[in-house]
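Here's the structure we're looking at; comments come further down.
The values are calculated or read from the model by the stated rules, or taken from the named source; none is laboratory data. The structure presented is a predicted model; accordingly, all values stated were derived computationally and were not measured. All Cβ positions, even for glycine, are placed from backbone atoms using ideal geometry, and neighbour counts span all protein chains on display.
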Amino acid sequence: MSARFHIITGGPGSGKTSLVGLLAMQGLCCMPEGGRAIIQEQVANGGTALPWADRTAFASMMLDWELHAYKAAALCEGPVVFDRGLPDIVGYLQLNGLDVPLTVMHAVEVLRYAEQVFIAPHWPAIYRQDAERTQSEMEAKVTFEAMVDAYTSLGYRLVHLPLASVSERAAFIRSRINA
């Protein structure tokens, strides 16, 4: 386990990416979310590894992304913040009623993060759909609950982020990771 690898997870549209962006601007090493980048690449190239087309292929691409992010994070000094992590793939697959492949389970068991995982609760006041975030508000809430279940079942301790400004959330995280 790498105690210096910190995950921010939650449902879509709960402010994770904005928060990770601010933490990066404040000098922390941060690993961006793969889902949005994968969707953009697949749409641009006419691919089908999309959450609304081929969920299994999408999960496979997320696994590749997260494995590369984990490896890249090892090169960083000090704390590293991830916009989602390997356990999110488990939550995504379970949410969609798909089997979790042994390769995914092996990865989440071997490549561990800090025990404390920050989770952004569903926040209706800031939730917005866009080209990549097509989930309804109800689907966003259910996704949040799936992440709670996945991380808890994998032995992580969840720390709920406050419904506060991005800068207040960043200060909340920095105070808990000693950055």
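Applying the criterion of at least 2 residues that are touching a Gly at 6+ places or on another chain (Cβ under 9 Å) and touching a residue at least 60 places away in the same chain (Cβ under 8 Å) to the strands (runs of 3 or more DSSP E) found wholly in region 50-161 leaves 116-120.
Listed by first and then second residue, the pairs with beta-carbon distance under 6 Å, at least 6 apart or on different chains, first residue in region 24-42 and at pLDDT 95 or above, second aromatic (Phe, Trp, Tyr), are 31/82.
A quick yes/no check of all residues on (1) under 20 Å from residue 144 (Cα atoms); (2) of a type outside the set (Asp, Glu); (3) out of contact with any Asp or Glu (no Cβ under 7 Å at 6 or more places or on another chain):
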residue	(1), (2), (3)
9	yes, yes, no
19	yes, yes, yes
23	no, yes, yes
27	no, yes, yes
48	no, yes, no
61	no, yes, yes
67	no, yes, yes
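Among the candidates 2, 14, the residue that is of a type in the set (S, T, N, Q) and buried (at least 17 other Cβ atoms within 10 Å of the Cβ) is uniquely 14. Against the numbered list (1) surrounded by fewer than 23 Cβ atoms within 10 Å (Cβ to Cβ); (2) among the aliphatic types (A, V, I, L, M); (3) out of contact with any His (no Cβ under 9 Å at 6 or more places or on another chain), residue 19 comes up short only at (1).
With respect to the conditions (1) assigned to a helix (DSSP H, G or I); (2) closer than 19 Å to residue 64 by Cα; (3) modelled with pLDDT of 95 or more, residue 7 falls short on a single one, namely (1).
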